[in-house]
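Peer 1: Let me give you the structure first, and then I'll get to my questions.
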């Protein structure tokens, strides 16, 4: 999503922290998303739901299936098999490193063959208080986009940012993904940005990273 009201702070990268970088790299290459993420070794304790998901928006159901099948073949656990819904078609998997991914489309029917193209890459954070988290980020230079009360908020991105940021209630996000909401320890994700680094109220780490 683009806007004429350009953010003063943009997301430049998403780094997933993993126990085995080489194994994670092989998985993400097979999945087809290696160009969208960075990997970093970490031995920090983590358990249960990590409080976020990475989501791919693609062109049609066949492309959803292609990504999910590639992930499953590479060792991902299928949390929610691809299915139709009121909003479109999609499914959810968990990578071998524990990261949860959602692949979806708003299209109900295919208009062409499956591709490996990604239309939008979204980082969806589960937070305790959507309104408070939105205010926190706006104060740090992000520009608010769509929002639905205290349930969901999205931020504008410009052409220089590969990532769209959105917020969801933590328990609601876990329910959406089909996993228990409980979790502890490291989120195992670091968000690179054009601003000075910080840690948000929900414990997500942001660090200064050039585009």
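Each reported figure results from applying straightforward, stated rules to the coordinates on display, with no laboratory input. Since the structure is predicted, the reported quantities are computational estimates derived from the model, not experimental observations. Quick reminder, even Gly has a Cβ in these numbers, built from the backbone with ideal geometry, and neighbours come from all protein chains shown.
Peer 1: What number of residues within the stretch 138-150 are under 15 Å from residue 194 (Cβ atoms) and surrounded by fewer than 21 Cβ atoms within 10 Å (Cβ to Cβ)?
Peer 2: Pass one, the stretch 138-150, residues under 15 Å from residue 194 (Cβ atoms): 140-143.
When the remaining residues are screened for being surrounded by fewer than 21 Cβ atoms within 10 Å (Cβ to Cβ), the result is 140-141, 143.
Selection size over the stretch 138-150: 3.
Peer 1: Output the number of residues of the stretch 195-208 satisfying the condition of being within 18 Å of the chain's Cα centre (by Cα) and assigned to a loop (DSSP other than H, G, I, E, B). Even if it seems obvious, please write down each step before you answer.
Peer 2: We begin by selecting, within the stretch 195-208, every residue within 18 Å of the chain's Cα centre (by Cα); these are 199-200, 202-207.
Filter once more, so that each one left must be assigned to a loop (DSSP other than H, G, I, E, B): 200, 202-204.
Selection size over the stretch 195-208: 4.
Peer 1: Within the stretch 91-106, which residues are surrounded by fewer than 22 Cβ atoms within 10 Å (Cβ to Cβ) and in a loop (DSSP other than H, G, I, E, B)?
Peer 2: 95, 96, 97, 98, 106, listed by residue number.
Peer 1: Still on this structure, please answer the following. Which of the following residues is farther than 27 Å from residue 210 by Cα and not in a helix (DSSP H, G or I): 86, 68? Even if it seems obvious, please write down each step before you answer.
Peer 2: On the way: 68 fails: not in a helix (DSSP H, G or I).
Of 86, 68, the one residue that is farther than 27 Å from residue 210 by Cα and not in a helix (DSSP H, G or I) is 86.
Peer 1: Could you list, in sequence order, all residues of the stretch 14-24 that are assigned to a helix (DSSP H, G or I) and over 17 Å from the mean Cα position of the chain (by Cα)? Explain how you work it out, then say what you get.
Peer 2: Applying the first criterion (assigned to a helix (DSSP H, G or I)) to the stretch 14-24 yields 21-24.
The answer is 21, 22, 23.
Peer 1: Considering only the stretch 36-57, state which residues are over 22 Å from residue 175 (Cα atoms) and under 14 Å from the mean Cα position of the chain (by Cα). First the steps, then the outcome.
Peer 2: Keep residues of the stretch 36-57 that are over 22 Å from residue 175 (Cα atoms), which gives 36-45.
If the condition is that a residue be over 22 Å from residue 175 (Cα atoms) and under 14 Å from the mean Cα position of the chain (by Cα), then 36, 37, 38 are the ones that fit.
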